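Enquirer: Handing you this structure, nothing more for now.
Computed from the coordinates by the stated procedures, all read-outs in this text should not be read as laboratory data. Predicted model, so just to flag it, every value in this text is computed and none were measured. Ideal geometry is used to build each Cβ from the backbone, glycine not excepted, and the neighbour counts take in all protein chains shown.
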Amino acid sequence: MTPADEHRWIAAGFTAKVVGTPVDRWDSPAPVEGWAARDVVRHLVEWFPAFLESGAGVTLARGPSADDDPVAAWQVHSDAVQALLDDPATPDRVLANRHIGDVPLDQAVDRFYTGDVFLHTWDLARATGQDEALDPAKCADLLAGMEPAEDAMRSSGHYGPRVEVPDDADVQTRLLAFIGRDPLRR
C-alpha cells in the first residue's frame, strides 16, 4: 500500500470509533494514564501538526478543539492529512528532524503518524466500549518493526514499560503489551 492508501484505511478505522463514541463517553478514562477518550483525539490532532510544521513547513487545516467537538476536530484533521498524502507533490518533499534526519514526507507520515493512529484506535475503542479488534497483520508488522528499536522507544518517554502477557497471547495483545498497555486488564 502507498502511504496515502495506508492512511486512508487506518484513519477510516479510527474515524469509525470517533463517530461511534456516544456523547456521554468522551470523558471516560482511556488506557493511557491520565487520559480520557477525548484526549486520544486531542493527542493526534495536536502533536502531528506541530511535527509537520517544524519539519516540513506544512500547515494543516485546524478544526475545533477536541474539548469543544472531538468528532469535528478529528474529521478536519484526518481530511487534511489525507489531502497532504493524496497530493502528488508530497513524495518529493522532505521532512527534516534532528532525531530522524531527512525523510521523504509521505514516508515520514506513514512511519511516525499513521501507526500512531492505528495504536490509538484501540485506546479509543477501550475507553468508549467499542469493538477493540485491530488488524492482526498490521499488528504483526508494527510489532516486528518496533521490537528491534525497543531501547530507543522506551528512552523517548512515549511508551510505557512492557506489560507481561502469556507467551501464547495473540499478536494484538503482544503489541499492546509491548507499547505499555495492559489489554488483559479491564
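Enquirer: Name the helices (runs of 4 or more DSSP H) wholly inside the stretch 107-186 in which the number of residues that are in contact (Cβ under 8 Å) with a residue 60 or more places away in the chain and touching an Asp or Glu at 6+ places or on another chain (Cβ under 9 Å) is 3 or more.
Expert: Where helices (runs of 4 or more DSSP H) fall fully within the stretch 107-186 and carry at least 3 residues being in contact (Cβ under 8 Å) with a residue 60 or more places away in the chain and touching an Asp or Glu at 6+ places or on another chain (Cβ under 9 Å), they are 115-128.
Enquirer: Of all residues being of a type in the set (V, I, T) and under 22 Å from G160 (Cβ atoms) in the stretch 101-142, which is nearest to the chain's Cα centre (by Cα)? Just the residue, please.
Expert: V117
Enquirer: Go through the residues of the stretch 21-28 one by one and say whether even a single one is touching a Ser or Thr at 6+ places or on another chain (Cβ under 9 Å) and within 30 Å of N97 (Cα to Cα).
Expert: Checked against the condition, which is being touching a Ser or Thr at 6+ places or on another chain (Cβ under 9 Å) and within 30 Å of N97 (Cα to Cα), the stretch 21-28 yields no hits at all.
Enquirer: Moving on to the next point. Condition (residue is touching a Gly at 6+ places or on another chain (Cβ under 8 Å), within 16 Å of P49 (Cα to Cα) and surrounded by fewer than 21 Cβ atoms within 10 Å (Cβ to Cβ)) applied to the stretch 119-142: is it met by at least one residue?
Expert: no
Enquirer: Would the stretch 94-101 turn up any residue that is among the β-branched types (V, I, T) and farther than 21 Å from D5 by Cα?
Expert: yes
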